[in-house]
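Only the coordinates and a few stated rules stand behind these numbers; no lab work does. None of these values were measured; they are calculated from a predicted model. With ideal geometry, Cβ positions are generated from the backbone for all residues, glycine too; neighbour counts draw on all protein chains shown.
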Amino acid sequence: MAVGETLVFEPIPDEALIGGHWKQASGPCGQVLNPATGAVLQTITQTTDADADTAVRAAVAAVADPAWRDLLPHRRAHYLYRIADAIEGATKSLALLQSFNTGKTLAETSALVASAAGTFRYFGAALETFDQDLTTPRGDYLTMSTYEPIGVIGAITPWNSPIASDAQKIAPALAAGNAVVLKPAEWTPLVSLALARLIDETGLPQGLLSVLPGKGSVVGDALVRHPWVGKVTFTGGTRTGRTLAHVAAEKLMPISLELGGKSPTIVLDDADLDQAVNGVVYGIFSSSGQSCVAGSRLFVDASIYDEFLDRLVAKTRELRVGPGQRPDVQVGPLVHPSHRDAVGRYVDLAREEGGRIRCGGAVPEDPTLDPAGAWYLPTIVDGLPNSARVCQEEIFGPVLVALPFRGLDDLIAQANDSVYGLAAGIWTRDYRRALWLSRRLQAGTVWINTYKQFSISTPFGGVKESGLGVEKGRAALAGYSRQKSLYLGLESEPNSWAD
Ligand code: NAD
């Protein structure tokens with residue numbers, strides 16, 4: 001954005017993409033807020049179970065159409081490359097739209113748009129190099145294992161990073177030859193609809209992508225239960241994920257779940273403290289803490305605890321809070337006033353349980369901020385045991401709980417004492433110790449001397465109540481496919497058993 005440029009919100013058409021057609025849905029309208037002001041940005045049509053049915057039926061027809069079904073992989077890849085180009089060409093408007101709707105800073109939303117474009121390009125390339133397997137025969141035949149599309153994929157995404165999480169599902173699912181019906185989160189449907197319009201304009205055959213804004217309990221539920229949906233890929237909270245897993249069990253349908261976290265960040269006594277302070281601050285307070293992998297539990301070696309906490313608190317107090325469209329801002333508003341209130345209640349609980357609020361713990365008193373915005377100051381709490389609710393439950397906001405540890409056994413016991421297992425961070429100069437520790441931490445991703453770095457080529461997933469299955473990486477193509485084994489007999493004589 002040019003310096004001094006006034007950034008204004010441009011509404012998008014109030015239509016959903018349902019079975020190849022842009023139209024108003026059958027449900028009532030929903031309001032989409034600007035979390036920095038609490039004002040309504042625009043209304044968006046809400047889809048219902050009837051729309052889910054229309055979308056799924058169109059998707060079934062689209063995957064069976066020879067124009068898509070028989071398309072050779074390298075030609076299918078071209079659709080993904082065109083989508084990547086279209087996203088890149090619209091970076092500015094997509095980033096701005098997502099920033100206005102989620103409150104995230106433009107730097108963050110621009111990075112998410114770039115990541116979405118990269119995801120489509122990566123899965124196009126992965127598809128072009130996705131080999132079928134020739135397996136080792138145990139007789140006079142040739143055997144191979146081939147991959148076929150599942151059919152219709154139901155994709156359900158949360159509000160925190162919509163364009164990136166949408167792309168992580170749509171790109172591999174289309175690459176594998178499926179159709180996708182996407183249900184974005186109630187609070188943040190705008191960028192998903194804008195993405196759908198771009199994809200539609202690239203000429204993707206009708207019906208292969210539907211985007212159904214609306215309530216999870218209505219259209220999301222209808223999508224998951226629909227008998228013709230062959231797989232669900234879900235990113236969101238653990239409670240919702242568990243509900244969907246029950247439905248999947250009833251249908252005997254595969255489901256992948258990317259769920260919540262309460263990730264430990266660990267500072268060992270030999271860490272580069274300058275790096276560790278900045279890394280911990282970034283790991284929890286970027287995206288206002290609304291990140292599944294946020295390093296929300298900090299464990300610091302007791303010998304350096306006081307010094308480290310003092311430095312961390314000083315750095316945190318310097319963070320610039322404000323609207324995500326202001327170039328100097330580091331911490332935007334939370335996504336919605338009601339979510340801000342939920343985060344505030346956790347900090348109140350920390351106080352009641354005897355925790356010390358080392359910084360933050362309140363709405364900022366800044367006259368330049370709209371009082372109706374969903375503001376909350378970056379907050380550090382300590383003085384609580386790891387068993388406290390604020391140390392165990394996902395707050396999903398700018399709240400860090402800090403705890404000291406004494407020795408690696410104590411550290412491992414505390415760090416793994418969580419129902420979650422999404423990510424972990426280790427700050428140390430000793431890579432041998434870091435690798436030893438990484439093997440003992442129950443987490444899907446461990447960052448060493450860095451945090452919240454993502455590569456589309458590196459698989460991502462959680463353990464324990466943080467999820468089931470992995471996204472990203474070449475293996476994701478297999479995750480959206482069914483394997484079929486073929487035997488080609490090579491014997492020239494009739495089978496002697498029948499004689
Ligand atoms: P959520 O579970 O409330 O909602 C997620 C999505 O599920 C939304 O689209 C919602 O409408 C839909 N939904 C809700 N009930 C449903 C139902 N009964 N049937 C079908 N769909 C339903 O989560 P949220 O509040 O939107 O997002 C925050 C959560 O997402 C946090 O727990 C966060 O950790 C998690 N998350 C995880 C990852 C990951 O990769 N592991 C990434 C981002 C966010």
**Request:** Assign unit charges at the C-beta atoms only (+1 for Lys and Arg, -1 for Asp and Glu), then state the dipole size of the chain relative to its Cα centre in Debye, rounded to the nearest 20.
**Result:** 160 debye
**Prompt:** When DSSP beta bridges are limited to those with both residues in the stretch 264-448, what percentage is antiparallel, rounded to the nearest 5?
**Reply:** 10 percent
**Request:** Quick one: what are the phi-derived ³J(HN,Hα) couplings along the stretch 137-144, Karplus 6.51/-1.76/1.60 with θ = phi - 60°, whole Hz, x for glycine and proline?
**Result:** x, 10, x, 8, 7, 10, 10, 9
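Note the full-extension length gain between Arg433 and His78 as 0.36 nm times their separation in residues minus their Cα-Cα distance, in nm to one decimal.
On the way: separation 355, 0.36 × 355 = 127.80 nm, distance 4.53 nm.
Taking Arg433 through His78 to full extension adds about 123.3 nm, to one decimal.
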**Asked** With each label point set 7 Å from Cα along the Cα-Cβ vector, what nm distance links Arg197 and Ala67?
**Response** 2.3 nm
**Request:** Let me see the pair-distance distribution of the chain: every alpha carbon pair, 20 Å bin width, integer percents in order.
**Result:** 23, 52, 22, 3, 0
**Request:** Work out from phi, with θ = phi - 60° and the Karplus expression 6.51 cos²θ - 1.76 cosθ + 1.60, the ³J(HN,Hα) of each residue of the stretch 393-403, listed in order in whole Hz, and give x for Gly and Pro.
**Result:** 9, 6, 8, 6, x, x, 10, 10, 9, 10, 9
**Message:** If I take R0 = 35 Å and measure r between the Cβ atoms of Asp499 and Leu142 in this structure, what FRET efficiency does the formula 1/(1 + (r/R0)^6) give, to the nearest 0.05?
**Reply:** 0.90
**Message:** If you average the C-alpha positions of the stretch 22-101 and of the stretch 224-282 separately, how far apart do those two centres end up, in angstrom?
**Reply:** 23 Å
**Request:** Within the chain, what's the longest run with no GluC sites (Glu not before Pro) in a DSSP loop and at most 14 other beta-carbon atoms within 10 Å? Give the range, please.
**Result:** 6-317
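Between Ser217 and Asp310, what length in nm is gained on full extension when 0.36 nm per residue of separation is reduced by their alpha carbon distance?
On the way: separation 93, 0.36 × 93 = 33.48 nm, distance 4.47 nm.
Gain on extension, Ser217 to Asp310, equals 29.0 nm.
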**Message:** At a 10 Å Cβ-Cβ cut-off, how would you order His336, His78, His226, fewest neighbours first?
**Reply:** His78, His336, His226
**Message:** Taking 0.36 nm per residue of sequence separation and subtracting the Cα-Cα distance, how much length would be gained by fully extending the chain between Glu491 and Phe454, in nm to one decimal?
**Reply:** 8.3 nm
**Request:** Please figure out what share of the DSSP beta bridges in the chain is antiparallel and state it in percent, rounded to the nearest 5.
**Result:** 45 percent
**Asked** Just how large is the dipole of the stretch 247-297 about the Cα centre, in debye to the nearest 20, putting +1 at every Lys and Arg Cβ and -1 at every Asp and Glu Cβ?
**Response** 360 debye
**Message:** Can you order the peptides 160-166, 49-55 by their average number of other Cβ atoms within 10 Å per residue, highest first?
**Reply:** 160-166, 49-55
**Complete:** Under 5 Å from the placed amide H of Cys359, counting only residues 5+ away or on other chains, we find Ile380
**Fill in**
Per the 1/(1 + (r/R0)^6) rule, R0 = 56 Å and r from the Cβ atoms of Asp410 and Ala478, FRET efficiency to 0.05 is 0.90
**Prompt:** Amide H to amide H, which residues 5 or more places from Gly30 or on other chains are under 5 Å from it, using H placed in the peptide plane?
**Reply:** Ile44, Thr45, Gln46
**Complete:** Of the residues Val446, Val329, Trp375, the Cα lying farthest along the dipole of the stretch 264-448 towards its positive end, which is defined by charges on the beta carbon of Lys, Arg, Asp and Glu, belongs to Val446
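What FRET efficiency, computed as 1/(1 + (r/R0)^6) with R0 = 30 Å and r the Cβ-Cβ distance, is obtained for Thr43 and Asp341, rounded to the nearest 0.05?
Working: r = 23 Å, r/R0 = 0.77.
The calculated FRET efficiency here is 0.85.
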**Prompt:** To the nearest 20 debye, what charge dipole does the stretch 264-448 have about its Cα centre, counting +1 at the Cβ of each Lys and Arg and -1 at the Cβ of each Asp and Glu?
**Reply:** 340 debye
**Separation of the Leu349 and His246 label points, Cα + 7 Å toward Cβ, nm** = 2.1 nm
